[in-house]
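In what follows, a structure is listed as structure tokens, so that the remarks can point back to it.
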Amino acid sequence: MNRIKQGLKNRWNILLIAGIYFWAKTILAYYIDFSLGVEGWIQTAILWINPIATMLLLFSSFLYIKKLKPALIVLWLADLLNTLVLYINIIYYREFTDFVTIKSILGFSKVSEGISGSSLALMRIHDIFYWLDIFLLLAGIIYLFVKKVDITSKPVKKTAAVAVSIFSVLFFTVNLSVSEANRPQLLQRTFDRNYLVKYLGLDTFTAVDGFNTAKANEVRANASSGDINDVLNYTKSHYAAPDESKFGIAKNRNIIVLHLESFQQFLINMKVDGHEVTPFLNSLYNDDQQTLSFDNFFNQVGQGKTSDAENMLETGTYGLTQGSLFTQLGSDNTFQAAPAILNQTEGYSSAVFHGNVGSFWNREDVYKNLGYQNFFDKSYFSSDDETLGYGILDKDLLRESVSHLEHLQQPFYTKFLTVTNHTPYLTDNSNFDFPSLNTGDEVVDNYVRTAHYLDQSLEQFFTYLKASGIYQKSIFMIYGDHYGISDTNNPDLAETLGKDKASWDSYDNAMLQRVPLMFHIPGYTGGGVQHQYGGEIDVLPTLLHLVGVDTKNYVQFGSDLLSENHDQVVAFRNGDFVTPQYTELGGKTYDTNTGELIDSQAAGIETEIQNEQQNVKKELELSDKLNEENLLRFYTPEGFTAVDPKSYNYKNLDQQNEDKEKQLGAKSTSIFSENNDQTTINLYPTDNSTEE
Ligand code: GP9
Ligand code: MN
């Protein structure tokens, strides 16, 4: 006891013991309760130091208090607060495999699904360790008071206390810098809640989330129903009526969306050592009867990359100027999105298949708000599957998807998010059987190999789709989500593309933002390569018109690519734009066809360019206003019912779909039911059968 009393005299001892204990329990939680996907020693080192800065800042408050007993109470409160943040997340993670956001605490989304009732069942025996210090410290404080123990403990000098607080701030800066070096734009892009915790710790994640929520709430609170009028005026005047000859040509067909990760237009019809990189995709692209292909189609993503592409294609609105709309606003924004529209107008069921964890880009939350009935994330795929970079390999993804797909009611709207063709284009010799380029830039060189792999995966999938009869009654929408080679690496690509590396400039970078888009409609004969200019924002109205859904009443910023009134100005997220004549980049005007710089004043096109620039700015600003102020909550078009995210539950989806088949009996339209309640998985080709 004496030794304890002795120890208590020194505040630094107390801080050290409380600090080390709290650090240890955070690390325990990182390894036992969370799965953060830490890779490599740098990430491990960051993980181990990330609880320190914020904990020290909180705990150091007790150094400022002169008398021991009140000081201990302050320390206890700081410890309690920090432990609560940790423990609430632990419990929540056990149920939802995700971290707690302020929104979920306030009851907007997940918590209402019933975590409070089940939290007792979510406790584990090792949780004692998380609370032990809190109890011991409390017991100690009570003892000091009850026994009226009087310890004359020397307070710490104010300067020393301030030094500790300053040190913790500096330490945080180091933590942040190392993290940013390992994962650039971590804070702006906010990929995933996992990432923030892995790099910056739970406290920082909570603070960042709180800040963003407060900011978003304020913007929303100030918005009122009249604010949507500007948006409606714009989208109504921008609406392009469908081309009669193409409206509804794919009516009632299943819609199969193939999201080609990081896939650029230049890969189409490209050869390496005489071999086509993507022979299968080429065959679809060049099918001038059954495919409407586009060769002047641009990606328009910002920092939200894949999630921005998805957002544009599903909702017809732009991503945000910074970060990802999915992660920043997707949890509680109101949308008029493809799955909901297709379900309500034409009775489509809907599903997304993706080999990454459901929390990435906040998909688990967002898809419910878009109206997706099913989301088959990584947890639905075999745990034996090899994971490469951002998820399981595409061949496994597509093959294993079939067991879920065949239980969906037709017509279905399904999206397959591939992922193997993702930077840094990891390849090994067993899966990637294709020559690499020879530019000396490893990223560029391997890009064609993973692209070839993606092509093989699709060919296998189509072999199955044809054999099972799905192919003939579907429309395929295939697109590249964004660039695969960044502007930094582009010059290394110049020679391969027959360009001059030395004179490579922003115009060349802009032209490389082309990605493929095709609508493949088996049995259709009016296809061919389309040369009109357009971008991802234009896809939703185009698709909806092809399946016979008019888009007039929905809020969409793009226009049908196949309509004669289609607006061919393609806006980039930073306000630059491309038209069939001009390419405007950072105030410089280029000739889109030749790449030559134009003096717009001398050429007499200054006003024209200025007008286009203003239109582009206006369109982007209105889209931002709509999303940031969540204005769609004020406008539900006639015949449309707002989506209720609570009606979807992405657990036990197969059971849900099979129950539906049974309930519908003879009326069930799933592939499985149509196949006399037999699986069609056996129709999937084995890997060897398509390998040349
Ligand atoms: C991750 C995948 C990749 O799930 O969609 O996202 P990206 O890095 O391309 O935005
Ligand atoms: Mn992507």
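The values are calculated or read from the model by the stated rules, or taken from the named source; none is laboratory data. As the structure is a prediction and not an experimental result, all values here were calculated from the model. Virtual Cβ from ideal backbone geometry, glycine too; neighbours counted across all protein chains shown. To get the accessible areas, we keep the full protein, side chains included, count just its heavy atoms, and leave off ligands, DNA and RNA. Shrake-Rupley method; radii C 1.70, N 1.55, O 1.52, S 1.80 Å.
Within segment 81-103, residues that are within 16 Å of Ile27 (Cβ to Cβ) sit with their Cβ atoms under 6 Å from residues that are among the aromatic types (Phe, Trp, Tyr) and at pLDDT below 95, at 6+ positions apart or across chains, in these pairs: Asn89/Phe99; Tyr93/Phe34.
The set of residues in segment 532-571 that are of a type in the set (Val, Ile, Thr) and touching an Asp or Glu at 6+ places or on another chain (Cβ under 8 Å) comprises Thr542, Val547, Val549, Thr551, Val569.
The residues of segment 554-613 that are part of a strand (DSSP E or B) and either among the hydroxyl-bearing types (Ser, Thr, Tyr) or over 30 Å from Leu232 (Cβ atoms) (or both), listed by number, are Tyr582, Thr583, Leu585, Lys588, Thr589, Tyr590, Asp591, Leu597, Ile598.
Looking across segment 375-387 at every residue that is more than 17 Å from the chain's Cα centre (by Cα) and buried (at least 19 other Cβ atoms within 10 Å of the Cβ), the one that is nearest to Phe432 (Cα to Cα) is identified as Phe381. Among residues of segment 621-647 that are under 20 Å from Ala571 (Cβ atoms) and modelled with pLDDT of 95 or more, those with a Cβ under 9 angstrom from a residue that is open to solvent by less than 70 Å² (accessible area, probe 1.4 Å) and aromatic (Phe, Trp, Tyr), sequence gap 6+ or separate chain, pair up as Leu622/Tyr234; Leu622/Phe557; Ser623/Tyr318; Ser623/Phe557; Asp624/Tyr318; Leu626/Phe557; Asn627/Tyr318. Against the test of being buried (at least 21 other Cβ atoms within 10 Å of the Cβ), more than 16 Å from ligand 2 (Cβ to nearest atom), in contact (Cβ under 8 Å) with a residue 12 or more places away in the chain and more than 20 Å from Asn194 (Cβ to Cβ), the options Gln456, Gln409 yield a single qualifying residue, Gln456. Can Asn233 be described as open to solvent by 30 Å² or more (accessible area, probe 1.4 Å), farther than 18 Å from Val547 by Cα and out of contact with any helix residue (DSSP H, G or I) (no Cβ under 9 Å at 6 or more places or on another chain)? Spelling it out, Asn233 is indeed open to solvent by 30 Å² or more (accessible area, probe 1.4 Å), farther than 18 Å from Val547 by Cα and out of contact with any helix residue (DSSP H, G or I) (no Cβ under 9 Å at 6 or more places or on another chain). Screening Gly274, Gly210 for residues that are closer than 30 Å to Leu57 by Cβ and more than 16 Å from ligand 1 (Cβ to nearest atom) leaves exactly one candidate, Gly210. Among the listed residues Gln328, Gln264, identify the single one that is touching a residue at least 12 places away in the same chain (Cβ under 8 Å) and farther than 22 Å from Ser623 by Cβ. Selected residue: Gln264, the only one of Gln328, Gln264 that is touching a residue at least 12 places away in the same chain (Cβ under 8 Å) and farther than 22 Å from Ser623 by Cβ. Remark: pairs (first residue in segment 343-357, farther than 15 Å from Thr641 by Cβ and open to solvent by 50 Å² or more (accessible area, probe 1.4 Å); second residue within 16 Å of ligand 1 (Cβ to nearest atom) and outside any loop (DSSP other than H, G, I, E, B); Cβ separation under 7 Å; 6+ apart in sequence or on different chains) = Val357/Lys378. If the condition is being closer than 20 Å to Ser436 by Cα, more than 16 Å from ligand 1 (Cβ to nearest atom) and not hydroxyl-bearing (Ser, Thr, Tyr), then segment 488-511 contributes Asn490, Pro491, Asp492, Leu493, Ala494, Glu495, Leu497, Gly498, Lys499, Lys501. Scan segment 315-338 and give yes if some residue there is open to solvent by 10 Å² or more (accessible area, probe 1.4 Å) and within 16 Å of ligand 2 (Cβ to nearest atom), otherwise no. Looking through segment 315-338, at least one residue is open to solvent by 10 Å² or more (accessible area, probe 1.4 Å) and within 16 Å of ligand 2 (Cβ to nearest atom). Could you check segment 500-541 and list, in sequence order, the residues that are touching a helix residue (DSSP H, G or I) at 6+ places or on another chain (Cβ under 8 Å), assigned to a loop (DSSP other than H, G, I, E, B) and of a type in the set (Val, Ile, Thr)? Hits for segment 500-541 are Val515, Ile521.
Give the residues of segment 1-19 that are closer than 14 Å to Lys66 by Cα and in a loop (DSSP other than H, G, I, E, B), sorted by residue number. Scanning segment 1-19 gives Lys9, Asn10. Scanning segment 247-262 for residues that are open to solvent by 10 Å² or more (accessible area, probe 1.4 Å) and either of a type in the set (S, T, N, Q) or within 16 Å of ligand 2 (Cβ to nearest atom) (or both) gives a single hit, Asn252. Does segment 425-448 include one or more residues that are in a strand (DSSP E or B), more than 16 Å from ligand 2 (Cβ to nearest atom), within 26 Å of Glu310 (Cβ to Cβ) and in the same structural domain as Ile521 (by TED's automatic domain parsing)? No, there is no match, as no residue in segment 425-448 is in a strand (DSSP E or B), more than 16 Å from ligand 2 (Cβ to nearest atom), within 26 Å of Glu310 (Cβ to Cβ) and in the same structural domain as Ile521 (by TED's automatic domain parsing).
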